[in-house]
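Inspection log for the structure reproduced underneath, given as structure tokens.
Bear in mind that the values in this text are calculations on the coordinates, not laboratory data. The structure presented is a predicted model; accordingly, all values stated were derived computationally and were not measured. Glycine also receives a Cβ, built like all others from the backbone with ideal geometry; neighbour counts cover every protein chain displayed.
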Amino acid sequence: VGFSDVAGQMGPADVYIGWVDAYGNPHLSDRSTDDNHQLLDPDRQQDGIVESAAKTASGSLTVTFRRRLDTNDWMDRVITSKPMNIIWAMS
């Protein structure tokens, strides 16, 4: 899931990628995408905290996480009460 600067575009954006490894351990990576929608390296400051994660037998994955509305990280978008562009991708 991510927060994009441009409606309908995957970048530039503040994104969080979640997964569960082969041992069932949840992971979350705080990252960004650039103007060309390319995924950049993980942010130096990782602001997301995994609350829960589950993978079903059919392969569906749900990751619940939290973060501060304003992380004081220049790579992250501040979440406000104003409209925001929410993006997501599945693979």
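Some points to look at:
- As a summary of the residue check, residue 17 satisfies the conditions (1) touching a Leu at 6+ places or on another chain (Cβ under 9 Å); (2) in a strand (DSSP E or B); (3) in contact (Cβ under 8 Å) with a residue 40 or more places away in the chain except for the one numbered (3).
- Long-range neighbours under 7 Å by Cβ, at least six apart or interchain, first residue farther than 16 Å from residue 62 by Cβ within the stretch 24-36, second of a type in the set (D, E, K, R): 30/43; 30/47; 31/43; 32/14; 32/43
- Count of the stretch 53-91 residues which are surrounded by 11 or more Cβ atoms within 10 Å (Cβ to Cβ), out of contact with any Phe, Trp or Tyr (no Cβ under 6 Å at 6 or more places or on another chain), charged (D, E, K, R) and outside any strand (DSSP E or B): 5
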